Amino acid sequence: MRCLYCGEKIIPVVSWGSLFSREEEILLCEQCKDQLTLIEGDCCVRCSRPFDGLAVEYRKGEYCYDCVRWEGDIEWNGILERNRSLYLYNDFLKEVISRYKFRGDYVLARFFCKTLIQVLKDFDYDLLVPIPLSQERLYERGFNQAEALIIEAGLTLTPALKRIHTEKQSKKSREERIHLSNIFTIVNEEDIVGKKVMLIDDIYTTGSTLMHAGKLLKQHGTLSVSSFTIARG
Amino acid sequence: MILDSLRTILAGKQLLREEIPFELVDSPFISKRSGIEFDKKGRAHCNRCGNSDPELFAVFPCARCGKRDTYCRACIMMGRVSECTPQYGWIGDMPEIVAAPLKWSDSLSAGQQVASDRVVEAIVRGEELLVWAVCGAGKTELLFKGIEVALATGKRVCIATPRTDVVLELTPRLKSVFPSIKVSSLYGGADDRHQFSPLTITTIHQLLRFYQAFDVMVVDEVDAFPYSVDPMLQFAVKNARKESSSMIYLTATPSLKWQRECRKGKREFVTIPARFHRRALPVPESVWCGNWEKVINKGRLPAKLLKWIEQRLLAGTPMLVFVPNVAWITKLLPLLQTFDGRVESVHAEDPNRKEKVLKMRQGEILLLVTTTILERGVTFPGLEVAVLGAENRIFTESALVQIAGRVGRDIDSPTGNVTFFHNGKTEAMLKARKQIVAMNIEAKEKGLIDE
Ligand SMILES: [Zn+2]
Ligand SMILES: [Zn+2]
Ligand SMILES: [Zn+2]
Ligand SMILES: [Zn+2]
């Protein structure tokens, strides 16, 4: 068995536990795993931002400052119930995700999808909706990195959204991004009416992509919107 | 016009669509080679990097071709090659290569001259040649004449090396001696990749973007990691050469297999047994120091090593002390630092590696404890070297020859001490010493050293 990321040989440790339980497939070597930082303990209840190392003025009770701002804005209040991110977006994870989505190493989804399965246990949802790519971007990359997580997890995905805006997001300021409407359209309203939607994406940075998707879904009758991302930037 | 730009980019290349910064036009001169092919047994093969290890292929639902598409993971860092991903190249006339006069007035040493003549000969005849030049022989200069001759006869030249440092060091030197041509410098993150040039200096990795491009391929430090152990890099070199091309290997430490082939007359080679400053190579001394691991684990320094270091700290002699791995650096460093503040360490993952090497050069650091990471490339005037635990397997014959080769490089201090501190002599230690002694004898016989 080789580490899915660095290719090192993995020697599985046989313990008493593993003799009795069905052995879980090991995908990453210890060295790679050690470089990932799980988000646990004290973090924002709405967006998973860790409070550890965050200046006090960026925190208000159980919420981070960004979430306070989102929730304080009548336009955005109550759109996103809760986002759960699993890992800190550190330099190592940046490299892993970049190899996954930009270089196109699809099989890394096999590791990330496990994190998805784990997180979904804590959520009550009806539909898994991946954040879509534009046609152009999808062709370029060959696959949608959010969709691949759901497929590899063996779960059913609902392609409820379509992206109509293609410009690179990173070049815009927060304000610009927030005020861009119409990034997405709804594919089929019947699919989502009255449903609890779980949005799936790779990274939560400002949350604006997820907020736009969430807002649109709610406008079209979705009951609630939560989200999962691999990383919290 | 657009076709001209495409030719510049595609000549001798194998590029993915997204690596071409222009619109593609329909042209009989633009070739498409499939990226992944299957053999009769259904085993995948990557045409870009030569991978055929089933563990290094994966399948994904491809949005481009709509199929379950096999892709290569071995070369994924250069972008994904899958079944539906063609590699673009150029099959029309190649851009012209014109003569470029060599602008260099220094002269070669007698040893370099012999090798330089052989290089020219190999290039003219399209042959393979190993240049076995001792550390500090000055191997760059001996290529100059050969490159000049190659360019004058319309041949495209490449110098490839496993290490980025070497690319950065060679580029300005070659630019200065061939001022009339464009010299491409390629390594991860470099910008020159879209130009066509008669002379390319590159890391071996970057050769994965070339296909049947070069008439002359020079591979520097063939024995260096990772080229020596990575079949992908060896494939890349082969794939980047034209079918009839010459191949020049440069090294101070050929593998045992190659040494044997040289002795048996199965490999064309030329040696430069002496340094340009005409002084013999320092011959390593061996000093037994018993179970040094135990001594250090008790928080003390092996007495003989301590004495060796103390003398040099007093004299202000810069030192490198090589240890088998990072764990020993961690143990040894605090012991040494209690004695003298001018002691530091470097290892492969050390983020401050460059700064420390610089401080050593400036004399702020007198002793660096290090792993084999510094076995190549670095030189400090007046340096002396110790290897602690020379019996460790990591210190192969070639590693020890390279380490000894750090000493006496400078014309102003052409000698110096090299000591292997060990707990039992190994074959590698004996062979390393023998190789160095043999080179000195040969150099003396050929009149290449003055002592
Ligand atoms: Zn790993
Ligand atoms: Zn928050
Ligand atoms: Zn490949
Ligand atoms: Zn495809």
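Once the Cβ-Cβ distance between B:ILE91 and B:VAL283 is put in as r, and R0 is 51 Å, what FRET efficiency do you end up with, to the nearest 0.05? So the FRET efficiency works out to roughly 0.40.
Residue-normalised convex hull volume from the C-alpha trace of segment B:285-445: 108 Å³ per residue.
The stretch between B:ASP4 and B:LYS103 holds 32.6 nm of extra length on full extension. This uses 0.36 nm per residue minus the Cα-Cα distance. Pairs of alpha-carbon atoms within less than 8 angstrom and 6+ residues apart define the contacts here; what relative contact order does chain A have, in percent? Contact order relative to length: 21 percent.
Applying the Karplus relation 6.51 cos²θ - 1.76 cosθ + 1.60 with θ = phi - 60° to segment A:125-130 yields 3J(HN,Hα) values of 8, 9, 10, 9, 10, x Hz, where x marks Gly and Pro. FRET efficiency for the B:VAL229 to A:VAL187 pair, using the beta carbon distance and R₀ = 45 Å, is estimated at 0.35. If both residues of a DSSP beta bridge must be in the protein assembly as shown, then about 25% of such bridges are antiparallel. Of the residues A:THR156, A:GLN145, B:ALA236, the one whose Cα sits farthest towards the positive end of the charge dipole of the protein assembly as shown is B:ALA236 (charges of +1 on Lys and Arg Cβ, -1 on Asp and Glu Cβ, taken about the Cα centre). Angle of helix B:303-315 to the longest C-alpha principal axis of chain B, folded into 0 to 90 degrees and rounded to 10: 80°. A simple spin-label model places the labels of A:ARG99 and A:THR206 3.1 nm from each other, with each point 7 Å out along Cα-to-Cβ. The Cα trace of chain B gives Rg and Dmax of 24.4, 75 Å, the first to one decimal, the second as a whole number.
Give the residue from B:PRO334, B:ALA390, B:VAL407 lying farthest towards the positive end of the charge dipole for chain B; charges sit on Cβ (+1 for Lys and Arg, -1 for Asp and Glu) and the dipole is referred to the Cα centre. Final value for the positive-end residue is B:ALA390. Relative to the longest principal axis of the Cα atoms of chain B, the long axis of helix B:110-125 makes an angle of roughly 20 degrees. Output the 0 to 90 degree angle, nearest 10, between the alpha-carbon long axis of helix B:231-240 and the longest principal axis computed from the alpha carbons of chain B. So the inclination is approximately 50 degrees. For segment B:78-120, backbone nitrogen atoms closer than 17 Å to the point 7 Å from B:PHE29 Cα along Cα-to-C-beta are found at B:88-98. Taking N as the residue count of segment B:110-272, its C-alpha radius of gyration divided by 2.2 N^0.38 Å amounts to 0.96. Note on segment B:201-305: lysine pairs with Cα distance below 30 Å, sequence gap of 8 or more or different chains, count 8.
Only the coordinates and a few stated rules stand behind these numbers; no lab work does. Keep in mind the model is a prediction, meaning the values are calculated, not measured. Here Cβ is always computed from backbone atoms with ideal geometry, including for glycine, and neighbour counts include all displayed protein chains.
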